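Engineer: Provided herewith is a single structure, encoded as structure tokens, for subsequent inquiry.
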Amino acid sequence: MEKIDDKYDFSLYEYHNLLHQNILVSYKGPIDERIMTVIGDNIEIVTNDGNDKARSKIFKIFMELAQNVWLYSAESCTTSSGRRLGMGTLVIGEFGDSYTFVTGNVVRNSDIEPVIEKCEIINSLDRESLREYRREQRRLAKDGHNKNSGNIGLIQVALTAESPLDIELTPVSDEESFFSIAVKIKKSAAK
């Protein structure tokens, strides 16, 4: 196939083949409750391997991480009704004995340090300590002492996945970076 424009060098076929390699769900764009419903339905279909507990974990993790993208992404669009929707990327892959769920979005560098610190704390704690940390964060939020309590969901993600949060920060400009979080859900541990 001849290229229409010399600037156009993207091959949809190569992209399709890339996604075909163990990728169950891939989405890039704005996220809101409607998109979350469609992707949630898709998760139920593509993870229908008889392991209901693994599918439930994937769905719970999806809800937490997709909501983080929706609410906190620096990259956004506005609907015709004026609603702001965060934009990002969601990918679910199946690799041998586990599923991997990855989300990514652009963040302001000035906003990301507390999130990274929270992820490092989460990754340093065992399961029981994570539960106590979640209770503590909820108390602080309820008492009004912790205004940045939106990241309680990250604690829940680590508890649900029973694995650490794999975070990556890639600078895209002086003001912004691309932040991604990946978690692994073992199929055997989920049964």
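Engineer: Within a Cβ distance under 14 Å of Leu85, other residues only, what is the Lys/Arg minus Asp/Glu net charge?
Structural biologist: Working: positive: Lys28, Arg34, Arg83, Arg84; negative: Asp32, Glu33, Glu75.
Here the count lands on +1.
Engineer: Under a 1.4 Å probe, what is the accessible area of segment 49-145 per residue, stated in Å²?
Structural biologist: Details: 5170 Å² over 97 residues.
The answer is 53 Å² per residue.
Engineer: Pick out, in residue order, every one of the trypsin sites (Lys or Arg not before Pro) in segment 32-131 that is DSSP loop and has at most 14 other C-beta atoms within 10 Å; say none if there are none. Before the final figure, lay out the partial values.
Structural biologist: Working: sites: Arg34, Lys53, Arg55, Lys57, Lys60, Arg83, Arg84, Arg108, Lys118, Arg127, Arg131; in loops: Arg83.
Within segment 32-131, the qualifying trypsin sites (Lys or Arg not before Pro) (loop, at most 14 other Cβ atoms within 10 Å) are Arg83.
Engineer: For the pairs Lys28/Lys142; Lys28/Lys118; Lys142/Lys186; Lys60/Lys142; Lys57/Lys118, flag any whose C-alpha to C-alpha distance is greater than 28 Å. Walk me through the numbers before you get to the answer.
Structural biologist: Working: Lys28/Lys142 34 Å; Lys28/Lys118 25 Å; Lys142/Lys186 33 Å; Lys60/Lys142 23 Å; Lys57/Lys118 21 Å.
Exceeds cut-off: Lys28/Lys142; Lys142/Lys186.
Engineer: Whole-Hz Karplus ³J(HN,Hα) for segment 114-123, in order, using 6.51 cos²θ - 1.76 cosθ + 1.60 and θ = phi - 60°, x for Gly and Pro?
Structural biologist: Per-residue couplings from phi come out as x, 5, 4, 4, 5, 5, 5, 5, 4, 5 Hz.
Engineer: Moving on to the next point. Could you rank Thr100, Thr170 by how accessible they are, 1.4 Å probe, largest area first? List each step's numbers first, then the result.
Structural biologist: On the way: Thr100 30, Thr170 60 Å².
Output order, biggest surface exposure first: Thr170, Thr100.
Engineer: Moving to a separate point now. How large, in percent, is the carbon and sulfur part of the accessible surface of segment 47-191 at a probe radius of 1.4 Å?
Structural biologist: Working: 3780 of 7630 Å².
The C+S portion of the solvent-accessible surface of segment 47-191 is 50 percent.
Engineer: Below 8 Å, C-alpha to C-alpha, sequence gap of six or more: please give me the relative contact order for the chain in percent. Intermediate results must be reported in sequence, preceding the final value.
Structural biologist: Values: 287 pairs, mean separation 45.8, N = 191.
Value for the chain: 24 percent.
Engineer: At most 12 other Cβ atoms within 10 Å plus a DSSP loop assignment makes a site exposed; report the longest stretch of the chain without any exposed GluC sites (Glu not before Pro).
Structural biologist: Numbers: sites that count: Glu2, Glu175.
No qualifying site falls inside 3-174, the longest such stretch.
The values are calculated or read from the model by the stated rules, or taken from the named source; none is laboratory data. These numbers were taken from a predicted model, which means no experiment stands behind them. Neighbour counts run over all protein chains shown; Cβ positions are idealised from the backbone, glycine included. Accessible surface areas use protein heavy atoms only, side chains included; no ligands, DNA or RNA. Shrake-Rupley method; radii C 1.70, N 1.55, O 1.52, S 1.80 Å.
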